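Below you'll find the structure, written out as structure tokens, and then a few comments.
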Amino acid sequence: MISVVIRNKNQDKALSFLLKNLTERYLDDIGEIIVIDNVSSDRSEAVSKEYNAQFVTVKEFSYGGSANFAANQTKFPIIVMFSAHSYPVSHDFFKLIKQKFEANPNLAGLRCLHSPNDYQNFINKIPAKEDPNRSGLIFSGSAFRRAVWEKYLFREDVSTFEDKEWTVRVLRAGYDIDFVPSVFCYQINRTKKQIHFRFKNDLIGNYQLWHQDVRFFSALKGLLMSILMLFKSFFVDFYYAIKRFLHTIKFIINKPEKF
């Protein structure tokens, strides 16, 4: 059986849909559902209980730390991790995952499909060893073997990309990371504050893991390009707003015949 772990913070509506989806379509494939919650103030706990999911609170959140905490709560050999704002789509989502793990005892983890990049790398057979960033695990719709995790815990001192760092480490240890054609949806609308928080972590993570250094000139160039794009976006939106207004006035003056 499979353990499903869901990382959540104040996503009760999305969480409700994910749990409804899991329990109505995939319950025969799932041994347990565990919601790892970062001190939500909404109805997340009530929603979890409504669908008989275990609800566990983690107060000190970090990406690697929460992943370790989540995996430690499970009891089945395969762990599938979701964010509350993602959900499986394909009818055989978990069956394909189980088949891949059963066929390859050296398999450490699987990346499911949710974006054009996933599908392109999957079809083009670009392995995680060649592109660990875009073919490695992503901890919203990925599966990993618990026995491998017990040997190689997720690092808690990385700001983000704990899934990619783990991918690189287990590949070096001789394990396999592969794609599986299990399709899921990743649906989230981040606020400006959340986008900035993600940017800060990604900046550190890209430097720590991929060694992408940043210089003053490139930072200044990024600022100028952002300002230019803001002006461009404003004038383009203004232009088409005027065009829509004029077209509406023309329509009012020359209304077509009703059918």
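Residues that are assigned to a helix (DSSP H, G or I), open to solvent by 50 Å² or more (accessible area, probe 1.4 Å) and either farther than 15 Å from Gly141 by Cα or of a type outside the set (S, T, N, Q) (or both) do occur in the range 2-13. Residue by residue through the range 103-123, note down the ones that are under 13 Å from Asp178 (Cα atoms) and out of contact with any strand residue (DSSP E or B) (no Cβ under 8 Å at 6 or more places or on another chain). Hits for the range 103-123 are Ala103, Pro105, Ile123.
Looking only at residues in the range 219-259 that are of a type in the set (S, T, N, Q) and within 26 Å of Phe199 (Cα to Cα), the one that is nearest to the chain's Cα centre (by Cα) is Ser226.
Screening the range 28-71 for residues that are of a type outside the set (A, V, I, L, M) and assigned to a strand (DSSP E or B) and picking the one that is most open to solvent (accessible area, probe 1.4 Å) gives Gln54.
Only residues in the range 1-23 that are among the acidic types (Asp, Glu) count as the first member; pair them with residues that are crowded, with 18+ Cβ neighbours inside 10 Å and part of a helix (DSSP H, G or I), Cβ under 7 angstrom, at least 6 apart or cross-chain, and list the lot. From the range 1-23, the pairs are Asp12/Ser44; Asp12/Val47. Name the single residue, out of those in the range 141-174 being of a type in the set (Val, Ile, Thr) and in a loop (DSSP other than H, G, I, E, B), that is farthest from Phe93 (Cα to Cα). Checked the range 141-174; the qualifying residue farthest from Phe93 (Cα to Cα) is Val158. Taking the range 98-126, which residues are under 20 Å from Tyr175 (Cα atoms) and under 13 Å from the mean Cα position of the chain (by Cα)? Matches in the range 98-126: Arg111, Cys112. Before we move on, is Leu19 closer than 27 Å to Ala173 by Cα, open to solvent by less than 60 Å² (accessible area, probe 1.4 Å) and modelled with pLDDT of 95 or more? Against the criterion (closer than 27 Å to Ala173 by Cα, open to solvent by less than 60 Å² (accessible area, probe 1.4 Å) and modelled with pLDDT of 95 or more), Leu19 does not qualify.
Filtered by the rule that a residue be of a type outside the set (A, V, I, L, M), in a loop (DSSP other than H, G, I, E, B) and in contact (Cβ under 8 Å) with a residue 12 or more places away in the chain, the range 89-126 gives Ser90, His91, Asp92, Asn104, Asn106, His114, Ser115. Residue check: Lys95 meets all listed conditions (1) basic (Lys, Arg); (2) modelled with pLDDT under 95; (3) closer than 30 Å to Arg172 by Cα but one, namely (2).
Conditions tested, residue by residue: (1) acidic (Asp, Glu); (2) closer than 22 Å to Gln11 by Cβ; (3) at pLDDT below 85.
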| residue | (1), (2), (3) |
| --- | --- |
| Ile123 | no, no, no |
| Gly136 | no, no, no |
| Asn189 | no, yes, yes |
| Gly205 | no, no, yes |
| Gln208 | no, no, yes |
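Among the residues of this structure, Lys129 does not count as one that is open to solvent by 80 Å² or more (accessible area, probe 1.4 Å), touching a helix residue (DSSP H, G or I) at 6+ places or on another chain (Cβ under 7 Å), over 24 Å from Gly174 (Cβ atoms) and in contact (Cβ under 8 Å) with a residue 40 or more places away in the chain. Does at least one position in the range 147-165 carry a residue that is touching a residue at least 60 places away in the same chain (Cβ under 8 Å) and in contact with a strand residue (DSSP E or B) (Cβ under 6 Å, 6 or more places away or on another chain)? No, that holds for no residue.
Among what's in the range 72-84 and is over 17 Å from Arg111 (Cα atoms) and in contact with a helix residue (DSSP H, G or I) (Cβ under 8 Å, 6 or more places away or on another chain), pick the residue that is surrounded by the fewest Cβ atoms within 10 Å (Cβ to Cβ). Before the answer, list the steps.
Here is the first cut: in the range 72-84, the residues over 17 Å from Arg111 (Cα atoms) are 72-76, 84.
Filter once more, so that each one left must be in contact with a helix residue (DSSP H, G or I) (Cβ under 8 Å, 6 or more places away or on another chain): 74, 76, 84.
Values: Thr74: 21, Phe76: 14, Ala84: 27.
Going through the qualifying residues, I end up with Phe76.
Within the range 47-68, count every residue that is modelled with pLDDT of 90 or more and in contact with a strand residue (DSSP E or B) (Cβ under 9 Å, 6 or more places away or on another chain). Residues flagged as modelled with pLDDT of 90 or more and in contact with a strand residue (DSSP E or B) (Cβ under 9 Å, 6 or more places away or on another chain) within the range 47-68 amount to 10.
The values are calculated or read from the model by the stated rules, or taken from the named source; none is laboratory data. Being a predicted model, the structure only gives us computed values, none of them experimental. When we count neighbours, we look across all protein chains shown, and the Cβ atoms used for this are built from the backbone with ideal geometry, even at glycine. Surface accessibility is based on the protein's heavy atoms, side chains included, excluding ligands, DNA and RNA. Shrake-Rupley method; radii C 1.70, N 1.55, O 1.52, S 1.80 Å.
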